[in-house]
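Chemist: Please read through the structure below; I'll follow up with questions.
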Amino acid sequence: MRELIRLLGLLFLLEGVSGAIDRVAVQPFMSFFLNFFNRVIVENLDFLTGYELFANLALAALGGLLFAAARSGVPT
């Protein structure tokens, strides 16, 4: 379970950073996979209009927290 949370955290971190880069400049590297959150989810939520960069950075922060939480704690 810890490995799944770590993988999910890494994925969120990569997607958040990639989406933030895509907001500032075009991100050509694995754009469909890494920008799924940015191009599919953020674009379809009206309350995030104007806050796309912050949403991507929040996703990256959440991913970092998940990744760090899965690495710390009592070893199993």
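Chemist: Based on other C-beta atoms within 10 Å, arrange V17, V26 from fewest to most.
Modeler: Ascending Cβ contact count within 10 Å gives the list V26, V17.
Chemist: Each label point is 7 Å from the Cα along the Cα-to-Cβ direction; what then is the distance between the points at A58 and L10, in nm?
Modeler: Roughly 2.6 nm, to one decimal.
Chemist: Sticking with this structure for a sec: Return an integer: the convex hull volume of the alpha-carbon atoms of segment 8-71, in Å³ per residue.
Modeler: Roughly 72 Å³ of hull volume per residue.
Chemist: Using DSSP to call loops (not H, G, I, E or B), can you name the chymotrypsin sites (Phe, Trp or Tyr not before Pro) in segment 1-50 whose Cβ has at most 12 other Cβ atoms within 10 angstrom?
Modeler: Of the chymotrypsin sites (Phe, Trp or Tyr not before Pro), the ones in loops of segment 1-50 whose Cβ has at most 12 other Cβ atoms within 10 Å are F29.
Chemist: Run the quick spin-label model on V40 and A68: label points 7 Å from Cα toward the beta carbon, then report their separation in nm to one decimal.
Modeler: 2.9 nm
Chemist: Below 14 angstrom from the Cβ of Y51, what's the summed charge of the other residues (Lys, Arg +1; Asp, Glu -1)?
Modeler: So the environment of Y51 carries a net charge of -2.
Chemist: Size of the dipole of the chain about the Cα centre, Lys and Arg at +1 and Asp and Glu at -1 on the beta carbon, nothing else charged, in debye to 20?
Modeler: Roughly 320 debye for the chain.
Chemist: Would you work out which of S18, A68, G50 lies farthest towards the positive end of the dipole of the chain? Charges go on Cβ: Lys and Arg +1, Asp and Glu -1.
Modeler: A68
Chemist: Another question about this same structure. For M1 and L48 in one chain, what is 0.36 nm times their gap in residues minus the Cα-Cα distance, to one decimal in nm?
Modeler: 13.8 nm
FYI, it's all coordinate maths here, none of it is from the lab. Keep in mind the model is a prediction, meaning the values are calculated, not measured. Positions of Cβ are backbone-derived with ideal geometry, glycine not excepted, and every protein chain shown enters the neighbour counts.
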